[in-house]
1. If you count only protein heavy atoms and use a 1.4 Å probe, how large is the accessible surface of Asp175, to the nearest 10 Å²?
2. Using the Cβ atoms and a cut-off under 12 Å, what net charge is assigned to the surroundings of Pro177, where Lys and Arg are +1 and Asp and Glu are -1?
3. With the other protein chains left in place, how much accessible area per residue, in square angstrom, belongs to the chain at a 1.4 angstrom probe?
4. FRET efficiency for Val87 and Ser163, Cβ-Cβ distance as r, R0 = 30 Å, nearest 0.05?
5. Treating the beta-carbon of each Lys and Arg as +1 and of each Asp and Glu as -1, no other charges, what is the dipole magnitude of the chain about its Cα centre, to the nearest 20 debye?
6. With Cβ to Cβ distances under 13 Å as the rule, what net charge do the other residues near Arg148 carry (K, R +1; D, E -1)?
7. Rounded to the nearest 0.05, what FRET efficiency do Phe139 and Arg55 have when you use their Cβ-Cβ distance and R0 = 35 Å?
8. Can you give me the relative contact order of segment 58-200 as a percent, contacts being Cα pairs under 8 Å and 6 or more apart?
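The values are calculated or read from the model by the stated rules, or taken from the named source; none is laboratory data. All values reported here derive from a predicted model rather than from experimental measurement. Glycine also receives a Cβ, built like all others from the backbone with ideal geometry; neighbour counts cover every protein chain displayed. Keep in mind that these areas ignore ligands, DNA and RNA; they rest on the heavy atoms of the full protein, side chains included. Shrake-Rupley method; radii C 1.70, N 1.55, O 1.52, S 1.80 Å.
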Amino acid sequence: MDDGGKAGKAAKGSTALEAPAGAQLRKIRLSRGLSLTEAALRAGVTKGFLSQLERGLTNVSVPTLLRVCDVLQIGVGELFAYPDEQVVEGGSRIDMGGEGVAEYLLTPADTTAFQVFRSVIEPGGGTGGPYRLDTATIFAMGLSGSTRLVVGGETRMLSPGVSTSFSGRTLHQFDNPGTTVSEVLWVLSPPLLRVPRGAP
């Protein structure tokens, strides 16, 4: 059983799960009739870690956050705050996990064909491990700095203007091996699910 990454206090500039997303996880867990102990056991994390996650007090890797979502039978897209306006300034902060990563959703709530995100990655920051997403295609383009993207074991370096595409269902991860902040633009098609699995 792991602690889901670096548990503990959320330092300034860290990427502890945003409080609204943590509260959403707790609300969904309770609606499923799952105790902290049971949900933690199924997700392979400690009870203390899950409690801190729900309160926005700890960092979580992307793979661990997705495991928690699987236990709750939701898509990670359910945790996003979706922009309502048609002209989006800066984007809406979203929670995808990782350490030293801030991510922003750039597409309005009514965009159904694709989603666009921007990741700002601190030196040494990244996803904390490989994961898959329930989407057919991911396009990635470096905006600044240098980001290391590993897709199916193959390393692809994204510097400004360099792009690549791959299946979201292929194991992938990314990190910033440099000494300055890097940024990546992501386009996902189709978008990540934002409704409970099995919903009409």
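1. Estimated to the nearest 10 Å², Asp175 gives 40 Å².
2. That works out to -1.
3. The answer is 47 Å² per residue.
4. Taking R0 as 30 Å, the efficiency between Val87 and Ser163 is 0.75.
5. On the way: 19 positive and 19 negative charges, 112 e Å.
In debye, rounded to 20, the chain gives about 540.
6. Around Arg148, the surrounding residues sum to -1.
7. 0.50
8. Working: 371 pairs, mean separation 40.2, N = 143.
Rounded, it is 28 percent for segment 58-200.
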